[in-house]
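Enquirer: First the structure, which I've put down as structure tokens, then a few questions once you've had a look.
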Amino acid sequence: MSDPSVQHQQARPAVPVLHEQRLDEVLGAAPERGRGRYRPHRVGMVWRSKVFRAGAVIVALVLCGLVILALVREQTGPEGFLVGLGLAVLPVPLLMAAFRWLDRVEPGPWRNLLFSFAWGACAAALVAIIANSFATRWIATATADPASADTLGATVIAPVVEESAKAAAVLLIFLFRRREFSGVVDGVVVAGFTATGFAFTENILYLGNAFGEDQLSGSSGFASVTAGTFFVRIVMSPFAHPLFTVLTGLGFGFAAVSARRNRVRRIALPLLGLLLAMGLHALWNGSSSFGPYGFYAVYGIVMVPAFGLVTWLAIWSRQRELRTLAAELPAYAAAGWLTPAEPSALSSMRARGMARDLARHWQPDRTRGRAAARAVAEYESFATSLAGLRRRARHGAVGPDFGARERELLHHLWQRREVAAPALVHAALLTARPGAHHGRPLPTPYGTANGYANGYAYGTGHGPGHTPGNGQTHGHTPVSGPGYGPTQGHTPGYTPDAYPPPQPYGSAPHSHRRPPS
């Protein structure tokens, strides 16, 4: 009789290679537990500490926030500041939710988004208010014409200063969080959060000043300056600043997916996006000088179509990420890292959400259910990153750390596969054949001894009767399709040993799991 503990173990599949060349120097099987985290080489001693770097950034942003808070409060007064703050915060949750929805396929870490928002609200706003005031005063002194100085400052100085200050946040994340900035959607989301923070601070200033004018003139109601400012900035054009800066984000996003050898394109695309952002911003600020209907003409002819075009491009980029999953993940399914049904499930937002719900309902209590759903969400995110990484490698847009990054992502998938794979396979079945299980519950996939139901084994040679570690050869199905070469066994120098799957996050014993309702 064979040892049950040996039957419970699974051998790690080989990593599928790109094209016909075997990259044995950089590709291999998943690392052992405890060594699955890739750590790039860092230069310097002080900056090795993540705590120090995070603390320095937080302190700098807090200082900028305190200074901009004092400046805005000084210009608006205490009452105007409170009124402006209360009105300016209204569109912020809606804009943040819209950008976060766009980022659902491969959600970026919240620390990057919070940094972007704080940079826009504090650092970029502080640079803009100081630089714009200084430039306007200098022009007024040089020309002895304050009216023309205000117009020139609004149409020329402000777009250049503000868009450059906001673009700095996108540039910093592009340079120092490069692994988390992988495409067009990431550029749009980071730029959108930065511009949302900037517009929040600017709206406080404008609405607070408008309230102060109404107090001096005694105006109130819909005829007040505050109501007019609120309608123009909050109701009609809450997307104005995000639209400008998203053009810069698109430039960085296209640069992120460009081949590394094409340095001219990787530099020119962000600069082109920044110039477009400055030009659209200048057109918007100067619309009031085009006559009594200039503002409405620019709004209807330029702003609304531009907003629709950018929105369509962002949604198209998100759908492209899903198509990348369907195109790239079958290679890993053929090599044994994924089940055959997982690529189709991972490329469907409906199936991904259903898989999280199934994993949650299969657990006996809420705590374990939330942990299981979180494990599935992490699995989906790592699989999306893996597909995007492989696509960029195919186009020459990755560096020499591609192999280490691929192994790390596969390692994270392997750790969560026991919970995530059955839920994704069930979700693929439900979305492919709606109503096929109407009236009777699906059987739970956690009911077998090794955590898998029949049909959920990983890779060739991992089905019933296969006992890893008994000396037999672990062959794998060749990878077929355009651009894929066959996976010929394992990487030289690697002996396929028994790799027991780690316990899923918060999972209960198999006998305590229940089928979904």
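The values are calculated or read from the model by the stated rules, or taken from the named source; none is laboratory data. Because the structure is a prediction, the values reported are computed rather than measured. All Cβ positions, glycine included, derive from the backbone under ideal geometry; neighbour counts span all protein chains shown. For accessibility, only protein heavy atoms count, side chains too; no ligands or nucleic acids. Shrake-Rupley method; radii C 1.70, N 1.55, O 1.52, S 1.80 Å.
Enquirer: Give the shape of the range 82-157 as rounded, prolate or oblate, defined through the alpha-carbon gyration tensor: a ≥ b ≥ c are the square roots of its eigenvalues, a/c under 1.5 means rounded, and otherwise the shape is prolate if a/b is larger than b/c and oblate if not.
Expert: prolate
Enquirer: Then there's this: Please list, ordered by chain and number, the residues whose modelled amide H lies under 5 Å from the amide H of V398; skip anything fewer than 5 residues away on the same chain.
Expert: Distant-sequence amide H within range of V398: R260.
Enquirer: What's log10 of I(q)/I(0) for the range 193-290 at q = 0.17, 0.25 Å⁻¹, Debye sum over Cα points only, no solvent?
Expert: Relative scattering, expressed as log10 I(q)/I(0), comes to -0.82, -1.21.
Enquirer: Follow-up question, since we're still on this one. Please report, for the Cα atoms of the range 112-216, the Rg to one decimal and the Dmax as a whole number; what are they, in angstrom?
Expert: Both quantities, over Cα of the range 112-216: 16.3, 53 Å.
Enquirer: Another question, then. Distance in nm between label sites at L171 and R366, each 7 Å beyond Cα in the beta-carbon direction?
Expert: Label at L171, label at R366, 4.8 nm between them.
Enquirer: OK, next. So what J values fall out for the range 363-372 if you push phi through Karplus, 6.51 cos²θ - 1.76 cosθ + 1.60 with θ = phi - 60°, rounded to Hz, Gly and Pro as x?
Expert: With coefficients 6.51, -1.76 and 1.60, one gets 8, x, 8, 5, 4, 5, x, 5, 5, 5 Hz.
Enquirer: Sticking with this one: Test of understanding: what is the full-extension gain from R137 to I301, defined as 0.36 nm times their sequence separation minus their Cα-Cα distance?
Expert: Fully extending the segment from R137 to I301 adds 55.7 nm.
Enquirer: If you don't mind, there's one more thing I want to ask. Based on the alpha-carbon gyration tensor of the range 77-116 and its eigenvalue square roots a ≥ b ≥ c, which shape applies: rounded if a/c is under 1.5, prolate if not and a/b is larger than b/c, or oblate?
Expert: The shape class here is oblate.
Enquirer: Let me ask another. For G183, which sequence-distant residues (separation of 5 or more, or a different chain) have an amide H within less than 5 Å of its own amide H, given hydrogens modelled in the peptide plane?
Expert: Sorted by chain and number, the residues that satisfy this come to none at all.
Enquirer: Shape verdict for the range 50-99, please, from the Cα gyration tensor: rounded (a/c under 1.5), prolate (a/b greater than b/c) or oblate.
Expert: Verdict is oblate for the range 50-99.
Enquirer: Next question, about the same structure. Simple spin-label model, 7 Å along Cα-to-Cβ: V62 to A326 in nm?
Expert: Spacing of the two 7 Å Cα→Cβ label points: 4.9 nm.
Enquirer: Using a 1.4 Å probe and ignoring any ligands, DNA or RNA, find the accessible area of S344 and quote it in Å² to the nearest 10.
Expert: About 70 Å², rounded to the nearest 10.
Enquirer: Based on a Kirkwood Rh over C-alpha pairs, give the Stokes-Einstein translational diffusion coefficient of the range 284-343 at 37 °C and viscosity 0.692 mPa s in µm²/s.
Expert: 221
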